[in-house]
Amino acid sequence: DQDYALWAEEMAQKLTQKSFDDLDLENLVEEIRDLSKRERDKLLSSIRLIIHHLLKWDYQPEKRSRSWQITIERERNNIEFYLDDSPSLKKYLNQEWLNKVYRNARLNAAQETGLAFPEECPYSIQDVIEKKVDF
């Protein structure tokens, strides 16, 4: 109950040994479902960070920084890696999920800058993945 790493190792060992009767199936199923959610959340977190920085980039051109550009590029690379590892995550690259993520990105950018940003997401998935951010 208290050592997740130990439990995971024990479950892996039991699977390797085909000791199926000794598996903690209820928790094992829950953990497998959580793995999928964690992968999804990593993808959505990268999208949120990109939108956050695109908002600052577009609405504060006088404050553009190399740091913002690096963050956008890094997160785009992360998205590419996530999709290479788990192509099924592409199902989250749609307007519905973009709008959900935008709410948080907009709030983060507004808190950081004091600016008001559009209620509706001004970006498409294509913008998030490819929009140029050069000086």
(request) State the number of residues belonging to the range 52-67 that are of a type in the set (G, A, S) and either in contact (Cβ under 8 Å) with a residue 24 or more places away in the chain or in a helix (DSSP H, G or I) (or both). (result) 1
(request) Working only within the range 68-100, note down all residues that are closer than 13 Å to Y123 by Cα, part of a helix (DSSP H, G or I) and open to solvent by 30 Å² or more (accessible area, probe 1.4 Å). (result) Q95, E96, W97, N99, K100
(message) I want to confirm something. Restricting to the range 101-128 and keeping residues that are within 20 Å of N78 (Cβ to Cβ) and open to solvent by 60 Å² or more (accessible area, probe 1.4 Å), which single residue is farthest from the chain's Cα centre (by Cα)?
(response) Q126
(message) Show the residue pairs meeting these rules: Cβ distance below 8 Å; 6+ apart or different chains; first residue within the range 15-29 and within 19 Å of Y4 (Cβ to Cβ) and in a helix (DSSP H, G or I); second residue open to solvent by less than 100 Å² (accessible area, probe 1.4 Å) and not basic (K, R).
(response) L15/L23; N27/W7; L28/M11
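The values are calculated or read from the model by the stated rules, or taken from the named source; none is laboratory data. Fair warning: this is a prediction, and the values are worked out from it, not measured in the lab. Glycine gets a Cβ as well: all are built from the backbone with ideal geometry, and neighbour counts include every protein chain shown. Surface areas here come from the heavy atoms of the whole protein model, side chains and all, with no ligands, DNA or RNA. Shrake-Rupley method; radii C 1.70, N 1.55, O 1.52, S 1.80 Å.
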